Ligand code: BES
Ligand code: MN
Ligand code: ZN
């Protein structure tokens with residue numbers, strides 16, 4: 001789908017469909033009013049008859065509206081004006097795009113981007129509109145032999161801004177929206193792949209190809225190289241699988257050569273059966289999503305490269321498949337991580353932290369400015385925060401604040417959880433430096449505490465995306481989160497640098 005920006009009045013648009021909003025109850029937005037004036041009260045007459053109350057999620061498609069140059073007018077309900085915020089705005093855009101996609105319109109001029117959203121700028125509205133539009137038309141039908149394609153899909157959307165002097169920033173915002181959407185859709189495509197296709201090998205190939213397309217350096221370490229580096233925590237996870245583990249490393253160099261990189265680490269477990277501590281059968285298929293951290297950080301480099309961000313970015317993906325088998329790690333096994341710290345593996349299903357801890361140790365060699373790891377790490381995080389907020393942990397308050405703000409700006413929110421020392425005791429082991437699990441309570445916190453022991457040398461944050469990386473149920477699928485959060489963090493950083 002193509003996007004463009006324009007300013008102008010709705011009655012003068014030569015378009016297949018002009019989209020304007022109506023607030024509840026029956027209150028025309030500015031653009032709707034302009035149309036109504038040109039159409040000699042055609043719209044207000046219809047509304048008076050009670051066909052469009054303005055409720056969120058409602059639409060009314062009109063043909064042959066007099067006094068206009070467009071084929072159709074789509075009225076979209078925006079809900080009560082007083083309550084109109086982020087959520088309502090995104091819902092209205094989603095509703096408009098869905099309806100346009102189902103009508104015969106090839107293109108649309110969307111005036112919803114002119115409506116005032118609490119605390120948000122015109123640039124935000126345009127960026128978000130592009131993201132939501134792409135999300136609405138996203139399909140994953142690679143494995144369907146008959147794909148029920150939309151007959152005449154929507155090809156082009158024009159977002160209208162109120163004033164000509166907003167055009168420049170709106171263009172820039174649109175460009176950002178496009179890049180973030182590309183990153184998200186790349187992440188979603190990768191994450192939605194089943195475990196028999198998306199193996200650590202495959203993940204490496206995709207990363208390599210994406211890197212080559214964007215002139216990004218890519219290096220992939222195999223079993224022997226990792227063994228030479230003493231990455232026995234990572235390797236212990238792969239032992240039960242036929243699939244060899246990989247450590248994928250990408251360097252995007254958009255900044256000065258002497259500038260320290262931001263390092264992003266993504267958990268890349270291509271399937272998590274739990275290993276010998278086998279998971280129950282129900283919903284185990286969803287553990288193909290245990291590489292969503294990896295998919296999102298790869299999506300972020302892609303988006304950063306598209307925007308030519310003026311900073312250095314390193315991505316590390318520790319990837320393995322967690323399977324039971326004769327060679328698999330056993331509960332009670334003790335291994336030595338790359339850091340030298342020994343770990344008693346009490347539960348082989350707590351494998352994410354094992355692959356991440358060696359990646360965190362490895363990250364230090366790049367002399368990072370900041371390290372952020374992203375992982376579908378704990379079911380406990382889903383219990384705590386549900387499917388709305390990502391769990392955020394950090395050893396630095398300024399970084400935590402920046403990430404929370406970035407999440408707010410990208411409507412991809414995180415919530416900070418404590419990393420207090422009091423929780424560290426739960427990881428005590430009688431036989432090794434630590435156990436890999438901390439017992440029943442505070443599971444997402446003890447997991448983060450475990451990681452913190454490998455991140456002492458730099459400023460670090462951990463994002464637990466177990467509840468936010470994918471959706472279950474009828475519209476099952478990867479969400480592309482937290483690509484928006486991370487991109488807004490990087491955009492903000494780029495602005496500070498330049
Ligand atoms: N990948 C899972 C976490 C997960 C579970 C994400 C459900 C999303 C939904 C992780 O590897 C895991 O199995 N964690 C265990 C840790 C426990 C053994 C301490 C968990 O959360 O149950
Ligand atoms: Mn697990
Ligand atoms: Zn896992």
Report summary line: If R0 = 60 Å, then residue 330 and residue 27, at their Cβ-Cβ distance, give a FRET efficiency to the nearest 0.05 of 0.35
Query raised in the report: Which whole-number percent is the relative contact order of the chain (Cα, under 8 Å, 6+ apart)?
Result: 13 percent
**Report entry** Degrees, to the nearest 10: 200-213 long Cα axis against longest axis of the chain
**Finding:** 50 degrees
Query - Efficiency of FRET from Cβ geometry, residue 259 and residue 149, R₀ 35 Å, rounded to 0.05 - result: 0.15
Requested in this report: Tell me, rounded to the nearest percent, the portion of alpha carbon pairs in region 2-162 spaced more than 18 Å apart.
Outcome: 56 percent
Query raised in the report: Between the helical axis of 167-192 and the dominant principal axis of the chain, each derived from Cα atoms, what acute angle in degrees is found, rounded to the nearest 10?
Result: 50 degrees
Query - Global form of region 244-313, assessed from the alpha-carbon gyration tensor, a/c cut-off 1.5 - result: prolate
Requested in this report: Just need the Rg to Rh number for the chain, please, alpha carbons only, Kirkwood Rh.
Outcome: 1.03
Query raised in the report: Using the alpha-carbon atoms, what tilt in degrees (0 to 90, nearest 10) does helix 292-306 show relative to the longest principal axis of the chain?
Result: 60 degrees
Report summary line: So residue 53 and residue 347, fully extended at 0.36 nm per residue minus their Cα-Cα distance, gain in nm 100.3 nm
**Report entry** Prolate/oblate/rounded call for region 371-413, Cα gyration tensor, a/c under 1.5 rounded
**Finding:** oblate
Query - Kirkwood Rh and Cα Rg combined as Rg/Rh, region 291-338 - result: 1.21
Report summary line: Where a ≥ b ≥ c are root eigenvalues of the Cα gyration tensor, a/c under 1.5 meaning rounded, otherwise prolate if a/b exceeds b/c and oblate otherwise, region 356-480 counts as oblate
Query raised in the report: Once you wrap a convex hull around the alpha carbon atoms of region 196-308, what is its projected area averaged over all directions, in nm²?
Result: 8.3 nm²
Query raised in the report: Roughly what % antiparallel, to the nearest 5, for the DSSP beta bridges in region 2-162?
Result: 30 percent
Query raised in the report: Which length gain, in nm to one decimal place, applies between residue 367 and residue 387 when the Cα-Cα distance is subtracted from 0.36 nm times their residue separation?
Result: 3.8 nm
Query raised in the report: Any idea how far apart residue 63 and residue 205 come out in nm if each label point goes 7 Å out from Cα toward Cβ?
Result: 4.9 nm
Query raised in the report: What nm distance separates the two modelled labels at residue 167 and residue 142, each placed 7 Å from Cα along Cα→Cβ?
Result: 4.0 nm
Query raised in the report: Length gain on complete extension for the stretch residue 456 to residue 44, per 0.36 nm per residue less the alpha carbon to alpha carbon distance?
Result: 141.9 nm
Query raised in the report: With a Cα-only, solvent-free Debye model of region 205-263, what are the log10 I(q)/I(0) values at q = 0.12, 0.14, 0.18, 0.19 Å⁻¹?
Result: -0.40, -0.52, -0.76, -0.81
Report summary line: Nearest-0.05 FRET efficiency for residue 102 and residue 396 at R0 = 30 Å, using Cβ-Cβ distance, is 0.05
Report task. Enter the mean projected area of the convex hull around the alpha-carbon atoms of region 256-379, in nm², rounded to one decimal. Result -> 8.6 nm²
**Report entry** Highest to lowest packing among 340-351, 369-380, 455-466, 223-234, scored as the average C-beta count within 10 Å
**Finding:** 369-380, 455-466, 340-351, 223-234
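Bear in mind that the values in this text are calculations on the coordinates, not laboratory data. Predicted model, so just to flag it, every value in this text is computed and none were measured. So basically every Cβ, Gly included, is an ideal-geometry build from the backbone, and we count neighbours across all protein chains shown.
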